[in-house]
Amino acid sequence: MPRAVVCRELGAPETLRVETVCATPLAPGKVRVAIRAAGINFPDILMVAGEYQFKPELPFTPGMEAAGDIIEVGKDLRGFKAKDRVIVKLRHGGYADEVAVTPEHIVPLPSTFDYAEGATFLAAHGTAYHALVDRAQIKPGETLLVQGAGGGVGLAAVEIGKVLGANVIAVASSKEKLAVAQARGADHCILSSQKPLRDLVKGITDGRGVDVVFDPVGGEAFEESMRCIAWGARILVIGFTGGIGLAKTNHVLIKGASVLGVRAGEAARRDPSLNVARFKALNEWAEAGRIRPNISHRLPLADVAKAMRLLIDRKAIGRVALTTG
């Protein structure tokens, strides 16, 4: 019998339970995927707590992304076969031994990745791509400030920023996280405890400031970033793991800046062509060895609460993956 992580009541990760579930007959037009690994994302944690903008009906299985092998193909469905290695993109449902999905929810797993890397790839790197390419339209030679550069989406922004030719300044909470950011291409590294950030950034940029801010942290980090911008800067609002930031509108006005919200998944649902271009570029870079998720922890499915706590307590460097089998 397949297993799944089930959320029956909203709350802390410890309320989650691994349960055996019934495998239903495969509907026409779907494929069944045996999940080998699933990625932990902050929206999964918020969804379990009832604090995310998308609220599935209880009970539900969390998990926005996973990777595994196709084990069954629905009637009259062409282009897929058993043993194909794939990434599965979901709104929820990935923390399970298997899942049945329609073709638009799967893409090939890059040949350079293992299952855990595939299961932690598209949410973070897809968000970073959408932010830097679609929203900020960053150009070669521009300076990019990445807050939370030790997290999964922050490290993805460091990698993609370098691929796109930016000069990258990474900000993170520990020397260990900055070491990984530097290994992934960061040109300059700043501990978030070093103050004031504005003076450090202005020193790196000869007083000019940065062209693009990538901020998944919010709170105080957002307010500090506003003081680091150059004329015409683009401030990308990715998330608020450190709290809701307060926009200093005087800085936006004086610097002729733009504040841009980033919702990669919703943007692709509204314009599927964005998803096609996004995956094409990411897959090419992955196959060429230019980008790869950094997974600091791999835990079994039964340790889902422990895995979520690694993100909540900011003990992960990059990504955390659940493994099955």
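The values are calculated or read from the model by the stated rules, or taken from the named source; none is laboratory data. No experiment lies behind these values; they were computed from the predicted model shown. Methodologically, a virtual Cβ is constructed for each residue, glycine included, from the backbone with ideal geometry; neighbour enumeration extends over all protein chains shown.
Within segment 219-236, the set of residues being assigned to a strand (DSSP E or B), over 16 Å from GLY148 (Cα atoms) and without any contact (Cβ under 8 Å) to a residue 40 or more places away in the chain comprises ILE229, TRP231, GLY232, ALA233.
Of the strands (runs of 3 or more DSSP E) lying entirely inside segment 56-145, not one contains at least 2 residues that are within 20 Å of ASN294 (Cβ to Cβ) and of a type in the set (Asp, Glu). Beta carbons closer than 7 Å, at least 6 apart along the sequence or on distinct chains, pair a first residue in segment 26-38 that is over 7 Å from ALA100 (Cα atoms) with a second that is modelled with pLDDT under 95 and among the aliphatic types (A, V, I, L, M) for GLY29/LEU77. Test VAL171 against the criterion of being β-branched (Val, Ile, Thr), outside any strand (DSSP E or B) and assigned by TED's automatic domain parsing to the domain that holds VAL259, and give yes or no. Judged against the criteria, VAL171 is not a match. Any idea which residue in segment 279-301 is nearest to GLY325 (Cα to Cα), counting only those that are loosely packed, with under 14 Cβ neighbours inside 10 Å and either touching a Lys or Arg at 6+ places or on another chain (Cβ under 6 Å) or without any contact (Cβ under 8 Å) to a residue 60 or more places away in the chain (or both)? Only one residue fits best here, namely PRO300.
Residues in segment 237-249 that are assigned to a helix (DSSP H, G or I) and modelled with pLDDT of 90 or more: none.
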